[in-house]
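Asks: This is the structure I want to talk about, given as structure tokens.
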Amino acid sequence: MLHLAPEYCYLKRFKKLINLDYFTADLNSPWADHHFDCHDIPFEDNSFDVVMANHLLEHVADDRRVMQEFFRVMKPGGWGIFQVPINYQDAETAEDPNVTDPMERERLYWQQDHVRLYGHKDYPERLRQAGFHVEEVDMLDMLGPEAFKRYSLGEERWVYFVTKS
């Protein structure tokens, strides 16, 4: 498993699993085992059964290239989760490389270090264009309202589960 921009809450859990070869990577994080720019992942093609990168793609300069890199390093039959903030009011992703002011980025993309805000229709389409099969999973429907609230999923109602044929 390749876990990019690893969340601290997962590190000990995944590292304890004896049946999992777990690699973490980030540009700068001290928690990560490997440090590199995800626009050019330094692993061979078809290296990982699982690739996970939550809340990473809204930070990178070329998200389509990064998605292609995720696809390249994922083994056929592999799967991944790539959660991002999504504006469910807009179908299309908002992005403009000329927007560099942190306050303007926060206004447009919800956070000062984001370079885009994904639209609900074109985010899964971008994943498909990278080569993935995309299953859009409605967590509220799957879990029910009580469990959805208990797990504090908030705005993360939809999970985009990707696979590589």
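The values are calculated or read from the model by the stated rules, or taken from the named source; none is laboratory data. These numbers come from a predicted model, not from an experiment. When we count neighbours, we look across all protein chains shown, and the Cβ atoms used for this are built from the backbone with ideal geometry, even at glycine. Remember, those area values only see protein heavy atoms, side chains included, never the ligands or the DNA or RNA. Shrake-Rupley method; radii C 1.70, N 1.55, O 1.52, S 1.80 Å.
Asks: How many residues does the range 1-13 contain that are open to solvent by 40 Å² or more (accessible area, probe 1.4 Å) and either in contact with a His (Cβ under 9 Å, 6 or more places away or on another chain) or acidic (Asp, Glu) (or both)?
Replies: Number of matching residues: 2.
One line per residue, one yes/no per condition, for (1) at pLDDT 95 or above; (2) over 12 Å from Asp63 (Cβ atoms); (3) within 18 Å of the chain's Cα centre (by Cα):
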position	(1), (2), (3)
Glu92	yes, yes, yes
Glu95	yes, no, yes
Arg105	yes, yes, no
Leu108	yes, yes, no
Gln111	yes, yes, yes
Val115	yes, no, yes
Tyr123	yes, no, yes
Arg126	yes, no, yes
Ala130	yes, no, yes
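Asks: Looking at the range 32-48, which of its residues are crowded, with 17+ Cβ neighbours inside 10 Å and in contact (Cβ under 8 Å) with a residue 40 or more places away in the chain?
Replies: Hit for the range 32-48 is Phe48, nothing else.
Asks: Kindly indicate whether any position in the range 113-120 is without any contact (Cβ under 8 Å) to a residue 60 or more places away in the chain, of a type in the set (A, V, I, L, M, F, W, C) and open to solvent by less than 10 Å² (accessible area, probe 1.4 Å).
Replies: yes
Asks: Among (1) surrounded by 19 or more Cβ atoms within 10 Å (Cβ to Cβ); (2) within 21 Å of Tyr160 (Cβ to Cβ), which single condition is Pro76 missing?
Replies: Only one criterion in (1) surrounded by 19 or more Cβ atoms within 10 Å (Cβ to Cβ); (2) within 21 Å of Tyr160 (Cβ to Cβ) is unmet by Pro76, namely (1).
Asks: For residues that are of a type in the set (Phe, Trp, Tyr) and either within 14 Å of Lys164 (Cα to Cα) or open to solvent by 90 Å² or more (accessible area, probe 1.4 Å) (or both), tally how many sit in the range 128-151.
Replies: Qualifying residue count for the region: 2.
Asks: So which of Glu156, Glu125 is open to solvent by 70 Å² or more (accessible area, probe 1.4 Å) and acidic (Asp, Glu)?
Replies: Glu125
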